[in-house]
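Chemist: Before we start, here is the structure in question, set down as structure tokens.
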Amino acid sequence: MKIAIITNVIHQKQEGYYYGYAPYVGEINIWLKYVDEVIVVAPLNKATPSRIDIPYQIANVDFRKVSEFSFTNFKNNIISIFKIPVISWKIFCAMKTVGHIHLRCPGNTGLLACFIQILFPGKNKTAKYAGNWDPKSKQPWTYKLQKWILNNTFITRNMTVLVYGEWENQSKNIKSFFTATYSETEKRVIEKTDFKSIIEFIFVGSLVSGKDPMYAVKLIQSLIEKGKNVVLNLYGEGKERTALEHYIKVNQLENSVFLHGNQNKEVLKKAYQKSHFVVLPSKSEGWPKAIAEGMFWGCIPVATKVSCVPYMLDYGRRGVLLEMDLEKDIIQLENLILDNDQLQDKIKLASNWSQGYTTDRFEAEIKKLLK
């Protein structure tokens, strides 16, 4: 089978291999076990792969480079008008020569691919919608347009759209799905009994306003002010790093809040294993891998009520759903920390649930889709 993958993920090339963001490439590598040839249509830059980039596991990737584009200002609007025909032609040519089309959405390249796939009603198609599928959520109009096209069975034929969560009034195109990081062989019975010493919180994600790492820092600061022996380790990079560094210094949190930058899968795995809580006060998510990964290792999730997060946390039974009101959220965390029985229940429920979603199960589902 020959497959075309159209994605917004920026790639790098090194020693004949193409690299990209590890969570995306790791997932695609599972798909590639069941195909003979692959065309990847995506942006490519000259940067050196970072710690959070990994290569496709096959060397013979037919890579079709396309430009990034956006409509963020007047200049970009004009430039994009000239880029779009070239990008669209490359997507069309890739789709024309394969037996299976796979779209990665949402994104600008994904939006173009959503339109172009309409021209191939007889081909087998899948789309991974990695964002928030909640029909009631506030999203950019381009995201809503992609969702409308993918959900519409009249213009989008032979398509399975993988989305996070279960939502009402969806067409037969839509399939509730999941993602995974760890295998069956990594599953463990989790026990964490050292809550009376230092309680460790972990944040994993981009340091950007949408993920709101500053709120995580303020949660820790408030717990410290209430006499709790807590620390927060943040993993990731982004525009908010400078503001976080300043806040940590001004509020004398250097011994309690630590910025570790981007780290690879193994470093994060060890960090989850020694942490008690995984916190993500994000404004928008699809299936937050940081939450699922932390839960796998017995971290109690502390997250906002966005997308399928309430389902992941079983509406609070497996974790703490943030109100994004500092006073209310501190009361929730304080009450939980003081109740060892409830702590242990949530650890068990969180790890048992997350360990049901392994890469082995993911691979079995992907194999069915490609058949």
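Chemist: Inside the range 265-371, counting only strands (runs of 3 or more DSSP E) that do not spill past its ends, which hold 2 or more residues that are touching a Phe, Trp or Tyr at 6+ places or on another chain (Cβ under 7 Å)?
Modeler: Working: elements: 277-280, 300-304, 320-322.
Hits in the range 265-371: 277-280, 300-304.
Chemist: State all residues of the range 237-250 that are surrounded by fewer than 15 Cβ atoms within 10 Å (Cβ to Cβ) and either touching a His at 6+ places or on another chain (Cβ under 6 Å) or part of a loop (DSSP other than H, G, I, E, B) (or both); if no residue qualifies, say none.
Modeler: Scanning the range 237-250 gives a single hit, Lys239.
Chemist: In the range 204-230, which residues are part of a helix (DSSP H, G or I) and small (Gly, Ala, Ser)?
Modeler: Going residue by residue through the range 204-230, those that are part of a helix (DSSP H, G or I) are 213-225.
Passing the criteria: Ala216, Ser222.
Chemist: Then there is this: For Ser197, state whether it is closer than 26 Å to Arg318 by Cα, crowded, with 16+ Cβ neighbours inside 10 Å and of a type in the set (Gly, Ala, Ser). Can you show your working first?
Modeler: Numbers: closer than 26 Å to Arg318 by Cα: yes; crowded, with 16+ Cβ neighbours inside 10 Å: no; of a type in the set (Gly, Ala, Ser): yes.
It is false that Ser197 is closer than 26 Å to Arg318 by Cα, crowded, with 16+ Cβ neighbours inside 10 Å and of a type in the set (Gly, Ala, Ser).
Chemist: Here's something else I'd like to know. Out of all the residues in the range 131-148, which are in contact with a Leu (Cβ under 9 Å, 6 or more places away or on another chain) and surrounded by fewer than 22 Cβ atoms within 10 Å (Cβ to Cβ)? Please lay out each step first, then the result.
Modeler: Filtering the range 131-148 down to residues in contact with a Leu (Cβ under 9 Å, 6 or more places away or on another chain) leaves 142-143, 145-146.
Matches in the range 131-148: Thr142, Tyr143, Leu145.
Chemist: Which is of a type outside the set (Gly, Ala, Ser), surrounded by fewer than 18 Cβ atoms within 10 Å (Cβ to Cβ) and in contact (Cβ under 8 Å) with a residue 60 or more places away in the chain, of Lys270, Lys305, Lys265?
Modeler: Just a single option satisfies the conditions, and that option is Lys265.
Chemist: How many of the residues making up the range 53-82 are under 19 Å from Arg104 (Cβ atoms) and either of a type in the set (Phe, Trp, Tyr) or at pLDDT 95 or above (or both)?
Modeler: Matching residues across the range 53-82 total 12.
Chemist: Right, another one. Quick check on the range 76-87. Is at least one of its residues touching a residue at least 24 places away in the same chain (Cβ under 8 Å) and under 26 Å from the mean Cα position of the chain (by Cα)?
Modeler: yes
Chemist: While we're here: For the range 145-173, name all the residues that are over 19 Å from the mean Cα position of the chain (by Cα) and not in a loop (DSSP other than H, G, I, E, B).
Modeler: The answer is Leu145, Trp148, Ile149, Leu150, Asn151, Met159, Thr160.
Chemist: Filter the range 115-142 down to the residues that are assigned to a helix (DSSP H, G or I) and either in the same structural domain as Lys305 (by TED's automatic domain parsing) or among the aromatic types (Phe, Trp, Tyr) (or both), then identify the one that is nearest to Ser284 (Cα to Cα).
Modeler: We begin by selecting, within the range 115-142, every residue assigned to a helix (DSSP H, G or I); these are 115-119, 141-142.
Of the ones still in play, those that are also either in the same structural domain as Lys305 (by TED's automatic domain parsing) or among the aromatic types (Phe, Trp, Tyr) (or both) are 115, 141.
Values: Phe115: 25, Trp141: 15 Å.
In this case the residue turns out to be Trp141.
Chemist: Kindly indicate whether any position in the range 209-222 is in contact with a helix residue (DSSP H, G or I) (Cβ under 7 Å, 6 or more places away or on another chain), within 24 Å of Gly107 (Cα to Cα), surrounded by fewer than 23 Cβ atoms within 10 Å (Cβ to Cβ) and not aliphatic (A, V, I, L, M). Working first, answer last.
Modeler: Applying the first criterion (in contact with a helix residue (DSSP H, G or I) (Cβ under 7 Å, 6 or more places away or on another chain)) to the range 209-222 yields 213-214, 217-219, 222.
Cutting the leftovers down to within 24 Å of Gly107 (Cα to Cα) gives us 213.
Cutting the leftovers down to surrounded by fewer than 23 Cβ atoms within 10 Å (Cβ to Cβ) gives us none.
There is no residue in the range 209-222 that is in contact with a helix residue (DSSP H, G or I) (Cβ under 7 Å, 6 or more places away or on another chain), within 24 Å of Gly107 (Cα to Cα), surrounded by fewer than 23 Cβ atoms within 10 Å (Cβ to Cβ) and not aliphatic (A, V, I, L, M).
Chemist: Kindly indicate whether Asp345 is of a type in the set (Asp, Glu), surrounded by fewer than 23 Cβ atoms within 10 Å (Cβ to Cβ) and over 30 Å from Tyr143 (Cβ atoms).
Modeler: When the stated conditions are applied, Asp345 passes them.
Chemist: Hey, among the residues in the range 206-231 that are touching a Ser or Thr at 6+ places or on another chain (Cβ under 7 Å) and in contact (Cβ under 8 Å) with a residue 40 or more places away in the chain, which one's farthest from Gly298 (Cα to Cα)?
Modeler: Only one residue fits best here, namely Gly210.
Chemist: Within the bounds of the range 299-322, is there any residue that is among the acidic types (Asp, Glu), closer than 27 Å to His102 by Cα and either modelled with pLDDT of 95 or more or not assigned by TED's automatic domain parsing to the domain that holds Val231 (or both)? Give the steps one after another, and end with the answer.
Modeler: If we filter the range 299-322 for residues that are among the acidic types (Asp, Glu), which is where we start, we get 314.
Still in the running and closer than 27 Å to His102 by Cα: none.
No, that holds for no residue.
The values are calculated or read from the model by the stated rules, or taken from the named source; none is laboratory data. The model shown is predicted, which means the values in this text are computed figures rather than measured ones. Backbone-built Cβ (ideal geometry, glycine too); neighbour counts: all protein chains shown.
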